[in-house]
Amino acid sequence: MNTSYWLVKSEPSAYSFADLISEENMTAEWDGVRNYTARNNMQKMKVGDKVLFYHSMIVPPQVVGTTVVVREAYPDDTAWDPSSEHPDPKSTPEKPIWFMVDLKAKAKMKSPVTLKDVKAHPMLQDMALVKFSRLSVQPVTKSEWDCILNLGDPEDLN
């Protein structure tokens with residue numbers, strides 16, 4: 001089985017890594033994605049893929065933990081819920097447009113890795129986070145993953 005590596009972004013005021021850790025089994029749906037490129041990336045995720053959890057829209061923005069995909073892409077029912085934060089009337093149960101995955105928290109960074117750290121590191125210059133900073137679900141290479149973990153010194157939660 002080939003493991004792929006990803007990064008997901010969330011504003012901590014909307015959903016933080018601490019929120020994920022507080023969930024039952026430290027597992028939650030990664031829903032509400034309304035960008036086609038991010039959705040397409042999510043649809044490529046497989047069970048066992050490793051994911052960096054990034055807090056955006058804070059100072060400083062930073063990688064704060066790691067997660068693992070525990071359920072592959074399935075229809076995001078919040079899209080057809082008019083009371084949700086991100087409804088899309090074009091998406092229906094019969095013809096879903098948006099998808100979500102389930103993520104399980106694995107480790108918390110002892111030293112969060114800031115965007116400034118990423119931009120300053122020679123091994124991370126080509127990272128999608130640097131080039132496509134607004135994309136909420138993005139690929140990460142194995143070498144980028146290893147470098148981020150080396151910088152952040154993650155502590156297992158299990």
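Under 5 Å from the amide H of L7 lie the amide H atoms of L52, Q138, V140, each residue being 5 or more positions distant or on a separate chain, with H modelled from the backbone and absent for Pro and chain starts. Solvent-free Debye calculation, one equal scatterer per alpha-carbon of region 81-158: log10 I(q)/I(0) at 0.13, 0.19, 0.27 Å⁻¹ equals -0.60, -0.90, -1.35. Model label points for K119 and T141, set 7 angstrom from Cα along the Cα-to-Cβ axis, are 2.1 nm apart.
Each peptide among 48-58, 13-23 gets the average number of other Cβ atoms lying within 10 Å of its residues, and from highest to lowest they stand as 48-58, 13-23. Within the shell of other residues whose beta carbon sits under 14 angstrom from the beta carbon of V64, the net charge comes to -1, with Lys and Arg scored +1 and Asp and Glu -1.
Per-residue 3J(HN,Hα) values for region 100-111, derived from phi via the Karplus relation 6.51 cos²θ - 1.76 cosθ + 1.60 with θ = phi - 60°, read 9, 10, 9, 10, 10, 5, 10, 8, 10, 5, 5, 10 Hz in sequence order (x marks Gly and Pro). Here, region 18-94 has an Rg and a Dmax of 13.8, 41 Å when only alpha carbons are counted.
Relative contact order of region 20-158, please, whole-number percent, based on alpha carbon pairs below 8 angstrom and at least 6 residues apart.
After rounding, I find 27 percent.
For the cross-link pairs K95/K142; K110/K142; K90/K142; K110/K131; K90/K119; K95/K119, the ones whose C-alpha atoms lie over 32 Å apart are K95/K142; K90/K142; K90/K119; K95/K119.
If you average the alpha carbon positions of region 116-158 and of region 1-74, how far apart do those two centres end up, in angstrom? So the separation of the two Cα centres works out to 14 Å. How many nm is it between the label spots at S13 and V70, if each spot is 7 Å from the Cα in line with the beta carbon? It works out to 2.9 nm between the two label points. Just add up the charged neighbours of N2: K/R +1, D/E -1, any other residue whose Cβ is under 11 Å from the Cβ of N2. Overall, the nearby charge balance is +1.
Sequence-distant contacts, meaning Cα pairs under 8 Å at least 6 residues apart, place the relative contact order of region 39-106 at 34 percent. Surface composition of region 26-147: carbon and sulfur atoms hold 55% of the protein heavy-atom accessible area at a 1.4 Å probe.
The values are calculated or read from the model by the stated rules, or taken from the named source; none is laboratory data. Everything numeric here is computed off the predicted structure, so don't read it as measured data. Cβ sites come from the backbone with ideal geometry, for glycine too, and all protein chains shown count toward neighbours. Ligands, DNA and RNA are stripped out before the accessible areas are found, and what is left, the full protein with its side chains, is counted by its heavy atoms. Shrake-Rupley method; radii C 1.70, N 1.55, O 1.52, S 1.80 Å.
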